[in-house]
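Some notes on the structure that comes next.
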Amino acid sequence: AIDAKRRGDHFAVFVRSGTSDADRDAVEWARQAEAYGAGEILLTSMDRDGTRAGFDNEMTAAVSVAVNIPVIASGGAGTFDHFTDVFTEGHADAALAASIFHYAESSVTDLKRHLRQQGIPVRL
């Protein structure tokens, strides 16, 4: 798992529940994790987490194109279109969300239906 925040033109890795800057670039750290044998990356945008403003597609794309393992986007989902965007613009292999499902505003079944309608493959 990589927790990251925007810092100018790069994405900084944070540790200790987001309280400490690890002085690492998220893209480079993802490459190292892959080299060390990681099978996938869970990438959380700390700037977007809990905002429901959408995933950080720029950060997700930067990591996704830098590695050859699946990238799971996290942080910011607020609408079904945010998922469409993270799969198309962000090149994510998977995405997770919590807030939009917590209060029965949306269902996973409805999200899967939406994604299929957008031509995005989903598990049944």
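A few notes on this one:
- Projecting the Cα positions of His91, Val67, Ala104 onto the charge dipole of the chain (unit charges on Cβ atoms of Lys, Arg, Asp and Glu, taken about the Cα centre) puts Ala104 furthest along the positive direction.
- Between the stretch 70-124 and the stretch 11-44, the alpha-carbon center distance in angstrom: 23
- Cα gyration tensor category, rounded, prolate or oblate, for the stretch 1-79 with a/c compared to 1.5: oblate
- Cα centre as origin, Lys/Arg/Asp/Glu Cβ charges: the chain dipole, Debye: 320
- Three-way shape label, the stretch 41-124, alpha-carbon gyration tensor, a/c 1.5: oblate
- Calculated accessible area for the stretch 9-50 comes out at 60 Å² per residue, all protein chains present (probe 1.4 Å; ligands, DNA, RNA ignored).
- When the solvent-accessible area of the chain is split by element, carbon and sulfur atoms take up 47 percent of it, the probe being 1.4 Å.
- In loop segments of the stretch 26-124 as defined by DSSP, the GluC sites (Glu not before Pro) with at most 12 further C-beta atoms inside 10 Å of their C-beta are Glu105.
The values are calculated or read from the model by the stated rules, or taken from the named source; none is laboratory data. Note that the structure is predicted; figures quoted are calculated from it, not measured. Cβ sites come from the backbone with ideal geometry, for glycine too, and all protein chains shown count toward neighbours. Each accessible area value is taken on the protein alone, full model and side chains, heavy atoms only, with ligands, DNA and RNA left out. Shrake-Rupley method; radii C 1.70, N 1.55, O 1.52, S 1.80 Å.
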